[in-house]
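S.K.: Take a look at this one; I'll ask things after.
The values are calculated or read from the model by the stated rules, or taken from the named source; none is laboratory data. Because the structure is a prediction, the values reported are computed rather than measured. Quick reminder, even Gly has a Cβ in these numbers, built from the backbone with ideal geometry, and neighbours come from all protein chains shown. These area figures cover heavy atoms from the full protein model, side chains too; ligands, DNA and RNA do not enter into them. Shrake-Rupley method; radii C 1.70, N 1.55, O 1.52, S 1.80 Å.
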Amino acid sequence: MTQDLLRDLNPMQREAVAWLPVRPLLILAGAGSGKTRILTHRIAWLIAHGVPAFNILGVTFTNKAAQEMRSRIEKLVAQQVWVSTFHSTCLRILRQDGPAIELDRNFIIYDEYDQLQVIKDCVAELNLNEKQVHPKGVREEIQRAKDYLVTPFQYSEKAEDLFQDAVGKVYQLYEAKMKRLKACDFGDLIMKTVALFDRNPSVLKTWQDRFQHILIDEYQDTNHAQYRFVKLLASARRQITVVGDPDQSIYAWRGADIKNILNFEADYPDSGTIRMEQNYRSTPVILEAANHLIKNNQMRKPKALWTEKKGGSKIELFNAEDEAAEAKYAVENVIQYKAQGRSYADQVIFYRVHAQSRVLEEELMRANIPYKIVGGTRFYDRKEIKDIIAYLRLVAYPHDEVSLKRVINVPARGIGKKAMETLEAEARGKTWEEVLQDLPSVKGLTPRVQKSLGAFYAWLTKLRKKQNEMTVHEILERILEDTGYVTELEAERTVEAQARLENIEEFFSVIEDFTENRSSGLGTRPLKKSETKTSPEEQAASPEMTPLASFLDSIELVTDLDAWDQGTNVLTLMTLHTAKGLEFPIVFMVGMEEGIFPHINSYMGPSDDLEEERRLCYVGITRAREKLHLSYATERRMYGATHHNLPSRFLNEIPPSLYDIRAMRSYGEYRDEDENQDQGYSVHDTVIEFDDDPSSR
């Protein structure tokens, strides 16, 4: 059995899987080196050597990756292991032990939209000007504060300007409101779990006893709060394996700290390090380009990707006259590859900023090529989906005021702006639930509004009482039928309404997937009493959640990539930040220009910002399996102005011998620059070189 687990692994992979010394392990897994395989085989190896599956925790960053790992492990050893995202893991811990920090087990999870509604209420209540204290900016400040475990008091103490001073006041009121609403945002899931462990040694010990072996994927993407969570859990036994690549750390803007992986050996002085440098994805040319590019960074652990593959064509470098010519170049190549037998799903176009997609979309529509933008409007952010989720949450969580305000007049019930203002005023000092329970005492509501609200609340109360007798599917059917939501959309008879109806139908598929996963023991279900090594008293205090509440937990933690299907035969467009973890036979990277990529903002900050841009370029290059196209435009119209940008410095960090250079004479007319090579032409004649002096830019 154990030898079977090592079969077909290379020497470094075998060493990582069979790491037996009782000490921490850092696996530096380069792009395309098979890290998922290593993680799953290592977990299977531990189980095969007597470690109970119950005592193993695997953590990764997307639900899709967690699902894939669980499935692979089950095939290897026919056992289920707790593998989930950081947020899902902490959610389950808080559902179990949250009361130890006065957190209601039945708390709601608020997404970014819900957060924004609460923050807007706070800004209004504090009489702040939304134009000066923009709610979205406040939300981002609060999110970053929680990534660093900064409380409202600590934030206010360190405020450096009027904006931060205002944010501190909003943050304090926001936390008070969230407590009253029995709600947690995503940042709370990690922050409150760390607080739970810090303040309750006995609770921490319980989970340390449970998770005796901890394996963390994508460790370079962890933020400070996640780092502290892992450190606390691992501190008792130090049986920790982390897998990651500093060269692929690209999320500093959302709190990720590359120092977590760079300092792992300092945190665990007795740790071992294994470098996974053999790449199973890309051609030698692509890997050589990536290696030359990334060695210009200082904040890294040296490694060089290599492959046993032979051959592979050069990287095609294209200089377009403008952004329209660049889009035409990319689309014409997509068509050519399709004619050669490649599917659209085999190809991807990466860009640095969302605004670059417009001209690409226009060209794709002209060519009648089906495409999908990953990172556009999320399925779960569409109006109709937010509406029906709000209804479901109202059934599961009577105290969810954000959801109540969203659907109280959807479909229309005659609850206008004046009625809402009256209800808001009445709700000061009490909950909305209390207001709806005593509508006759609310002054200022017309009899018609009172009747409408009374009927709505009576219907909602009745459905809440019956929810435990119904499946999630049945609850949603009842909501749609009783509210007339679907009937209203059908009456519109518009293309937009039809698309919304189709999205609602798709949501039923989400419910069915959840039901199937739950019945097979997968998903983000809470712990059963038999799964917790706690006292009978603690078990008795931890009733299982309703299927509806569990379903709502599962969809709150879904990401864009969880819902994306690479198998669909459409061309994919996405930003480079969305690209990590994916691979395609053919990759186009457009907009390789100074000011776009690297982004102009990276010039303004510390050198770390420019290094992160280079890592982002490295990630894009290493997504390609067979063919890589890089392109830049001599001039580009963007944000309403025409720019004449220099070619990206990253192009110059790749040896010219790896390029097949092409240029454009006129729209749709290309020329191969090979003949210029005999005249001393090289990519360095086109690309401007920079020294290390920032003033030279």
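S.K.: For MET638, enumerate residues with amide H under 5 Å from its amide H, sequence gap 5+ or separate chain, H modeled in the peptide plane.
M.R.: For MET638, whose amide H was placed from the backbone, the distant partners under 5 Å are HIS643.
S.K.: Sort 319-331, 614-626 by the packing proxy (mean of other Cβ within 10 Å over each peptide's residues), most packed first.
M.R.: Result, highest mean first: 614-626, 319-331.
S.K.: Express the relative contact order of the chain as a whole percentage, based on alpha carbon pairs under 8 Å and six or more residues apart in sequence.
M.R.: The normalised contact order for the chain reaches 18 percent.
S.K.: How much area per residue is accessible in the chain when the probe is 1.4 Å and only protein heavy atoms are counted (Å²)?
M.R.: 44 Å²
S.K.: I'd like the carbon and sulfur percentage of the solvent accessible area for the chain, probe radius 1.4 Å, heavy atoms only, ligands and nucleic acids excluded.
M.R.: 49 percent
S.K.: Let me ask something else. How large is log10 of I(q)/I(0) for the range 130-270 at q = 0.10, 0.12, 0.13, 0.14 Å⁻¹ when the intensity is taken from the Debye formula with one equal scatterer per alpha-carbon?
M.R.: Those come out to -0.41, -0.58, -0.67, -0.76, one per q.
S.K.: Where does the chain land at 222 nm, in deg cm²/dmol rounded to the nearest 500, when only DSSP H runs of n ≥ 4 count, each adding -39500 (n - 2.57), divided by all residues?
M.R.: Mean residue ellipticity at 222 nm (helix-derived): -14500 deg cm²/dmol.
S.K.: Among the GluC sites (Glu not before Pro) in the range 79-133, which ones are in a DSSP loop with at most 11 other Cβ atoms within 10 Å of the Cβ? Mind listing them?
M.R.: Hits after loop and neighbour filter: GLU102.
S.K.: Distance in nm between label sites at LEU162 and ASN106, each 7 Å beyond Cα in the beta-carbon direction?
M.R.: Taking the simple label geometry, LEU162 and ASN106 are separated by 4.5 nm.
S.K.: While we're looking at this one, here's another question. Convert 4 °C to kelvin, take the viscosity as 1.567 mPa s, use the Kirkwood radius over C-alpha pairs of the range 321-455 as Rh, and evaluate the Stokes-Einstein diffusion coefficient in µm²/s, rounded to a whole number.
M.R.: 67 µm²/s
S.K.: Using only Cα atoms, what is the ratio of the radius of gyration of the chain to 2.2 N^0.38 Å?
M.R.: Relative to the rule-of-thumb radius for its length, the chain sits at 1.03.
S.K.: Now for a different question. Which whole-Hz couplings ³J(HN,Hα) result when phi for each residue of the range 636-650 is put into the Karplus expression 6.51 cos²θ - 1.76 cosθ + 1.60, θ = phi - 60°, listed in order with x for Gly and Pro?
M.R.: 9, 8, 7, 6, x, 9, 9, 10, 10, 8, 6, x, 4, 4, 5
S.K.: Same structure again: Between PHE318 and residues 5 or more places away or on another chain, which pairs have amide H atoms under 5 Å apart, with H built 1.01 Å from N, and which residues are they?
M.R.: For PHE318, the qualifying residues are LEU630, SER631, TYR632, ARG662.
S.K.: Among 89-97, 383-391, 268-276, 156-164, how do they line up by average Cβ neighbours within 10 Å per residue, starting with the highest? Provide the component values of the computation, followed by the final result.
M.R.: Details: 89-97: 23.7, 383-391: 19.3, 268-276: 15.8, 156-164: 11.7.
Ranking, from highest mean packing down: 89-97, 383-391, 268-276, 156-164.
S.K.: Right, next: If I model a spin label as a point 7 Å beyond the Cα along the Cα-Cβ vector, how far apart are those points for LEU262 and ARG7 in nm?
M.R.: It is 4.3 nm.
S.K.: What ranking, highest mean first, results for peptides 44-57, 497-510 when packing means the other Cβ atoms within 10 Å averaged over each residue?
M.R.: Per-residue mean Cβ counts within 10 Å order the peptides as 44-57, 497-510.
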